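Here the structure comes first, spelled out in structure tokens, and everything after it is commentary.
The values are calculated or read from the model by the stated rules, or taken from the named source; none is laboratory data. These numbers were taken from a predicted model, which means no experiment stands behind them. Positions of Cβ are backbone-derived with ideal geometry, glycine not excepted, and every protein chain shown enters the neighbour counts.
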Amino acid sequence: MLKIEGLKKRFGNFQALSGLDMEIEEGALYGFVGPNGAGKTTAIRIITGLLKPDEGTVEIAGIDALREPRRVRDEFGYVPDEFGMYDNLKVREYMEFFASAYGLDGLVARNRCEELLAQMKLEEWADAFVDSLSRGMKQRLCLARALIHDPKLLVLDEPTSGMDPRTRLEFKEMLKELCAEGKTILVSSHILSELAQMCTDIGVIDAGRIILSGSMSEILQKVNESNPLLIRVAGGKREQALNVLKSDERVRTVVIRGGEIAVRFGGTERDEADLLRKLVGAGVAVSGFFREQGDLESIFMQITNHDTEKVVLRSEE
Amino acid sequence: MKNNPVYRREVTVRSRSFRLPLVILIFNTILAVFSLFSMYSTVAQVRVSAQVSYESFLQLYAFAATLEFLLLMFIMPALTSGSVSGERERQTLELLLTTKMTAADIVTGKLMAAFDQMGLLVMSSFPIILLTFVYGSADIGGIALLLVCFATTAAFCGGIGILASSVTRRSTFSNVCTYGFLLLIVIGTLMLNQFVLQLSEMRISEAAYQFGAEQTVADTGAAVYLLLLNPFVTFAEILSGQISGGSRLFSLSAFLGARPENFVTGHWTAISLCVQAALSVLFVRGAVRSLGKNRRT
Ligand SMILES: Nc1ncnc2c1ncn2[C@@H]1O[C@H](COP(=O)(O)OP(=O)(O)OP(=O)(O)O)[C@@H](O)[C@H]1O
Ligand SMILES: [Mg+2]
């Protein structure tokens, strides 16, 4: 649905994007995560044609977005991170205005507006002035507006910032629904765990390039692997256990933490089972063997800091 | 044209604001008070002196037309110079630019909205201007020419305004640029001509003193053609042609000196209207280009 290759953008002597590659499958709910200043908004503005890249290609629904900027505007809807409202304009008029901006008029436009307002639970507010709406409602209105021409791709830039937890949850449910209806969605955020609950795919951007991407389950797997194995040994056979661990090449670091041994172990679940068998085979009385539960934020911190030891140091404290 | 979304939205929003009715009310009140007062005093004078001075009706017509012209020059920039930059400040421009609307659609919509406000203002004052026809003033052709001049000036000022608002980020800066540029064109070209004229006079009197040369008439040479850009000069030409019974180049004669009439000075009104119209088109195209580029910088 969306394919980006080698996107580069420079502001003055600041390289905002340095070769961004990204691919979003049709029907995906793609979470675009990165710390502040990573280049999310820059990338999104290029996708939506508001900014011209120095290098690279953008393809939306098979259309070259840079070559045919006008044609491609039928294919996506855009909710910017910051947007304004007009004074003295009612919600319904706002929707009809954008409908006509996409060439929809008359009854078709009116029906489409009513339908979207109902879907976004804004029908009660159809006659309210847009600038009197609350922030959450404005966000929903902007989403409704972005859907007016029934685009295949929705691009949302930090849509949940400034929302309370409840509104946030409702908004996420809405996105999931839209995704279930067949829309492809790109949503950016600087909080990984927030996207984790709803996204099917994740791309982590840092310093202008994607540093980690894949389906949610793959990412969770990677997160899992980066967490230490905690091994509890009964009956003072710790030395023996340490010898086994040191001789295994999949073990990267070993830290003794209270009564437990924390092992950074790069391997699949099968490898874990293998390690356990080795330990037991060597006569170590293993009374506990489990992965520490990963929290997404720490992996996020870890990969965006380029500091692979950070997690271990943190858990030691 | 009527289907331009930006234009339709502007009309909807405007219908909720009290500004336009208020401006129309104030403007027409001033015009009406002055016209009626002037009429009354003329008639009162007739009673006393038994002489009708028809000039005073022509003066009334000239006053009403001038007031309207000045208003146009002041209001048109105000209506346009905040239009695009206002959307940018309000962070709504990017939303518009991702829709199917082109930069030209946006600029056209904004211009049309400004034009029809202006048109409303001019038209609403027409009955008062027609009052001056009670005792006879300009003819229908003259009125039509005046309207053409108004339309051109509106396009010219509106063009400058919309170009400034597309190029600049802030509406206040755009405002300053628009009025500054307009001032340069209206006052600046006149002052330049005045200055050149004085230089020329000085040179002539010096020459006369030194060589006893025959007295010639001072002129401003090529600088006079800069006045083709000046809508106010065009307006003054049209008006003076009407109230002084068709005499040409009323306001320019001082700058032209004794130079023979050429094609340009012979068709001053038509040529200056064309020049200004052409410039307006350039301004608007510049605005469209700059807005289109904004999308891709
Ligand atoms: N128009 C611009 N001119 C100069 N620098 C810019 C411009 N736009 C963005 N930048 C810089 O590019 C970098 C990336 O900005 P961007 O807005 O894409 O980050 P982001 O990932 O959206 O961050 P955030 O989470 O804060 O929204 C920033 O360091 C910013 O200062
Ligand atoms: Mg951003």
Inset, instruction - Would you list the helices (runs of 4 or more DSSP H) that sit entirely within segment B:195-268 and hold 2 or more residues that are at pLDDT 80 or above? - result: B:231-243, B:263-266
Legend entry - Out of A:GLY49, A:GLY56, A:GLY12, sole residue that is closer than 20 Å to B:LYS293 by Cβ, within 16 Å of ligand 1 (Cβ to nearest atom) and in contact with a Pro (Cβ under 6 Å, 6 or more places away or on another chain): A:GLY49
Inset, instruction - Might you let me know whether segment A:152-171 holds any residue that is out of contact with any helix residue (DSSP H, G or I) (no Cβ under 7 Å at 6 or more places or on another chain), within 14 Å of chain B (Cβ to nearest Cβ) and away from ligand 2 (no atom under 16 Å from the Cβ)? - result: yes
Inset, instruction - Go through segment B:91-141 and give me each residue that's surrounded by fewer than 22 Cβ atoms within 10 Å (Cβ to Cβ) and among the basic types (Lys, Arg). - result: B:LYS100
Legend entry - helices (runs of 4 or more DSSP H) completely within segment A:155-232 that count 2 or more residues being charged (D, E, K, R): A:165-180, A:216-226
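Suppose the filter is farther than 22 Å from A:LYS121 by Cα and assigned by TED's automatic domain parsing to the domain that holds A:THR41; does A:VAL204 pass it?
Numbers: farther than 22 Å from A:LYS121 by Cα: yes; assigned by TED's automatic domain parsing to the domain that holds A:THR41: yes.
It is true that A:VAL204 is farther than 22 Å from A:LYS121 by Cα and assigned by TED's automatic domain parsing to the domain that holds A:THR41.
Every residue, every condition in (1) modelled with pLDDT of 85 or more; (2) in a helix (DSSP H, G or I); (3) in contact with a Ser or Thr (Cβ under 8 Å, 6 or more places away or on another chain), yes or no:
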| residue | (1), (2), (3) |
| --- | --- |
| B:LEU20 | yes, yes, no |
| B:ILE24 | yes, yes, yes |
| B:LEU36 | no, yes, no |
| B:GLN45 | no, yes, yes |
| B:GLN51 | no, no, no |
| B:SER56 | no, yes, yes |
| B:GLN59 | no, yes, yes |
Legend entry - From A:ARG145, A:ARG166, residue being crowded, with 21+ Cβ neighbours inside 10 Å, farther than 27 Å from A:SER18 by Cβ and not β-branched (Val, Ile, Thr): A:ARG145
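Sort through A:ARG145, A:ARG140 and tell me the only one that's closer than 19 Å to B:GLU94 by Cα and more than 14 Å from chain B (Cβ to nearest Cβ).
On the way: A:ARG145 fails: more than 14 Å from chain B (Cβ to nearest Cβ).
Matching residue, one of A:ARG145, A:ARG140: A:ARG140.
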Inset, instruction - Give just the number: which of (1) of a type in the set (Lys, Arg); (2) away from ligand 1 (no atom under 14 Å from the Cβ); (3) surrounded by fewer than 16 Cβ atoms within 10 Å (Cβ to Cβ) does A:LYS90 not satisfy? - result: (3)
Legend entry - When residues of segment A:25-39 are limited to those that are within 19 Å of A:ALA146 (Cα to Cα) and not hydroxyl-bearing (Ser, Thr, Tyr), the one nearest to ligand 2 (Cβ to nearest atom): A:PHE32
Inset, instruction - Any residue in segment A:35-48 that's without any contact (Cβ under 8 Å) to a residue 12 or more places away in the chain and of a type in the set (Asp, Glu): show its pairings with residues that are surrounded by 23 or more Cβ atoms within 10 Å (Cβ to Cβ) and assigned to a helix (DSSP H, G or I) at Cβ separation under 8 Å, as long as the two are six or more apart or on different chains. - result: none
Inset, instruction - Look through segment A:159-214, keep the residues that are among the basic types (Lys, Arg) and farther than 18 Å from A:GLY136 by Cβ, and return whichever of them is nearest to ligand 1 (Cβ to nearest atom). - result: A:ARG209
Legend entry - Sole exception among (1) surrounded by fewer than 20 Cβ atoms within 10 Å (Cβ to Cβ); (2) among the polar types (S, T, N, Q); (3) within 16 Å of ligand 1 (Cβ to nearest atom); (4) over 24 Å from A:VAL223 (Cα atoms) for A:GLN139, by number: (1)
Inset, instruction - Answer yes or no as to whether A:LEU116 is in a helix (DSSP H, G or I) and within 16 Å of ligand 2 (Cβ to nearest atom). - result: no
